[in-house]
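In what follows, a single structure is set out as structure tokens and then discussed.
Bear in mind these aren't lab numbers, they're just calculated from the coordinates by the rules spelled out. Because the structure is predicted, anything quoted here is derived from the model rather than measured. Cβ sites come from the backbone with ideal geometry, for glycine too, and all protein chains shown count toward neighbours.
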Amino acid sequence: MCVKAKLELVTGAAYNNMIIEVYGKDDQFVCHLDDNNALIGSYPIDDGARLHVTDHIALLCVLFSDHFVVIKLHY
């Protein structure tokens, strides 16, 4: 099972919508996990690294929801 499929169960973000960034122990950006077919061992990831998962579709929904205001009318 690929990394994104495993993370889908934990994060709730859909496999195809994930953007995964890797940060090292010192919180410095290391790389993006952008190849869906690559094994995690093919990336320069050390023990203690942190994965940051973003669901870009959910992020777009939040951005668009701020621009629409619904006015409730009382009759």
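Between Y23 and A38, what is the label-to-label distance in nm when each label sits 7 Å out along the Cα-to-Cβ direction? The two pseudo-label positions are separated by 2.0 nm. In the range 3-65, taking the dipole from charged Cβ atoms about the Cα centre, the farthest positive-side position among V30, G48, G12 is held by G12. When the Karplus curve 6.51 cos²θ - 1.76 cosθ + 1.60 is applied with θ = phi - 60°, which whole-Hz ³J(HN,Hα) does each residue of the range 49-55 get, with x for Gly and Pro? Couplings: 6, 10, 9, 10, 9, 10, 9 Hz.
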